[in-house]
Amino acid sequence: MLIVMETAASQEAVKKVCALIEEMGLTAHPMPGAQRTAIGVTGNKSRVDADRIMTQPGVKEIIHVTKPYKLVSREFYPEDTVVQIGDVKVGGSEFTIMAGPCSVESREQCLTIAEAVAKAGAKILRGGAYKPRTSPYTFQGLKEEGLKILAEARDKFGLLVVTEAIDTETIDLVAHYADIIQIGARNMQNYSLLRKAGKTQKPVLLKRGMSATLEEFLMAAEYIMAEGNRKVILCERGVRTFADHTRNTLDLSAIPYVKRTSHLPIIADPSHGTGRKDKVIPLSRAAMAVGADGLIIEVHHDPANALSDGPQAITPDMFESLVTQLRELAPVMHKKC
Ligand code: PEP
Ligand code: MN
């Protein structure tokens, strides 16, 4: 349920309505907007006594939210959420590019790639220190050493860092080094991890599970927001289909659907979405054209010797060309890139 306050409603009136909601055993989420304040209500198992709320001073209208997700829905919060991290924004009129290696493999590898992507125009460095690999016998990441290397690259090249947390045991350590915590596709429905990511109050990049419906995806984001963390960035990273010409099928139609249904920013990952380096540039352009708020791209200076996801890594030269193309396309989409 959403309570819309009058434009002229005082702070006192908003506080009183919130107190009443809490008294009714529910949770109030006041959301100040440009025009007026709305108060989201969660925690109701049955229909709420709307008359009691409607008669409070300053209350304009009550909207019953039909979607199973509440905080994530546009019904709750009609304006686009812009996640601000330092000087960098994700959402709204921005098109934000995150780029870097799949895994941090060594200090030299990470710094080489970080320098190249920063020079080409990336604002955020990606790189896995904890890797959720399909096989337990493949490279699992440099762990804390990898986090330290990412932090060094951030300081050296003025980038922000996004890196994955794979479990509840290590998420606090990841949060200590990262600017954005990535929750990977395999963990999209790891609800204890989602709750903990919500509690950190750090921005969270939530990737869509490889066979998740959009309702499941948005419900996963609701877990993070239900902990009071509004800084959620969604990511379409491809889903499993029968297609065998690509690793996954990048579900481009998910982007306009999510943008209509939710206020949260959504970016695309054409690297995992296709699994093939020759498809990364065209699908990046396509993601911008369907309204994505940014991209996360795997870049490697020596893809043939990458310890993970070499076949989908583009080289720094290709990345530079991609950014040039995106900057040409951005004005058409009313985006800054
Ligand atoms: C990654 O970003 O390297 C990764 C493992 O992604 P996903 O969770 O989308 O597979
Ligand atoms: Mn990868």
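The values are calculated or read from the model by the stated rules, or taken from the named source; none is laboratory data. Small disclaimer: the values here were computed from a predicted structure and weren't measured. Cβ: placed from backbone, ideal geometry, glycine included. Neighbour counts: every protein chain shown. Side chains are part of the model used for accessible areas, which takes the heavy atoms of the whole protein and leaves out ligands, DNA and RNA. Shrake-Rupley method; radii C 1.70, N 1.55, O 1.52, S 1.80 Å.
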Per the helix-only model, the chain has a calculated mean residue ellipticity at 222 nm (DSSP H runs of ≥4, -39500 (n - 2.57) each, divided over all residues, rounded to the nearest 500) of -10000 deg cm²/dmol
Comparing G43, G92, G275 in a Gaussian network model of the chain (Cα, 10 Å), the one with the largest mean-square fluctuation is G43
Dipole check, the stretch 50-124, charges on Cβ (K,R +1; D,E -1), about Cα centroid: among G121, T55, F95 the Cα furthest to the positive pole belongs to T55
Once amide hydrogens are built 1.01 Å from N within the peptide plane, the residues lying 5 or more places from L206 or on another chain with amide H under 5 Å from its amide H are I183, I233, L234, C235
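Compute for the stretch 2-63: radius of gyration divided by Kirkwood radius, i.e. Rg/Rh, restricted to C-alpha atoms, rounded to two decimals. Numbers along the way, then the final one.
Values: Rg = 10.5 Å, Rh = 11.4 Å.
Result: Rg/Rh = 0.92.
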Among trypsin sites (Lys or Arg not before Pro) in the stretch 1-104, those in a DSSP loop whose Cβ has at most 10 other Cβ atoms within 10 Å are K45, R47
Probe 1.4 Å, all chains present, heavy atoms only: H64 accessible area in Å², nearest 10, is 80
Residue span S46 to A289: 0.36 nm per residue of separation minus Cα-Cα distance leaves a gain in nm of 83.3 nm
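I need to check one value: relative contact order of the stretch 65-200, counting alpha carbon pairs closer than 8 Å and at least 6 residues apart, in percent.
Numbers: 195 pairs, mean separation 23.5, N = 136.
The value is 17 percent.
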If every Lys and Arg gets +1 and every Asp and Glu gets -1 at its Cβ, then about the Cα centre the stretch 2-63 yields a dipole, in debye to the nearest 20, of 100
With all protein chains present, the chain has a carbon and sulfur share of its accessible area (1.4 Å probe) in percent of 51
Given backbone amide H placed at 1.01 Å from N, residues whose amide H is under 5 Å from that of T96, ignoring those fewer than 5 places away on the same chain, are G91, G294, L295
Check: C-alpha center the stretch 1-70 vs C-alpha center the stretch 139-217, spacing in Å is 33
Computed from the beta carbon distance with a Förster radius of 22 Å, FRET efficiency for T27 and Y257 to the nearest 0.05 stands at 0.20
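Taking the Cα centre of the chain as origin, sum charge times position over the Cβ atoms of Lys and Arg (+1) and Asp and Glu (-1), and report the length of that vector in debye to the nearest 20. Spell out each step's value before the answer.
Numbers: 42 positive and 40 negative charges, 82 e Å.
Using Cβ point charges on Lys, Arg, Asp and Glu, the chain gives about 400 debye.
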Sequence order, the stretch 16-22: Karplus ³J(HN,Hα) from phi using 6.51 cos²θ - 1.76 cosθ + 1.60, θ = phi - 60°, Hz rounded, Gly and Pro as x, gives 5, 5, 4, 5, 5, 4, 5
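Which is the longest part of the chain that has none of the chymotrypsin sites (Phe, Trp or Tyr not before Pro) sitting in a DSSP loop with at most 14 other Cβ atoms within 10 Å?
Numbers: sites that count: Y137, F242.
That would be 1-136.
Considering only protein heavy atoms, what per residue accessible area in square angstrom results for the stretch 1-122 with a 1.4 angstrom probe? If you can, show how the numbers build up before the last one.
Numbers: 5790 Å² over 122 residues.
About 47 Å² of surface per residue is accessible.
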Per GNM of the chain with C-alpha springs under 10 angstrom, the most fluctuating residue out of S135, S46, S192 is S46
Amide H proximity to V239 below 5 Å, modelled H, separation 5+ or other chain, gives T249, L250, D251
Placing +1 on each Lys and Arg Cβ and -1 on each Asp and Glu Cβ in the stretch 83-333, then taking the dipole about the Cα centre, the residue among A197, L264, H245 whose Cα reaches farthest towards the positive end is L264
For the stretch 203-220, in residue order, the Karplus 3J(HN,Hα) values (coefficients 6.51, -1.76, 1.60; θ = phi - 60°; whole Hz; Gly and Pro = x) are x, 10, 9, 9, 8, 6, x, 5, 9, 8, 6, 5, 5, 5, 4, 5, 5, 5
Within the chain, the percent of DSSP beta bridges that are antiparallel, given to the nearest 5, stands at 40
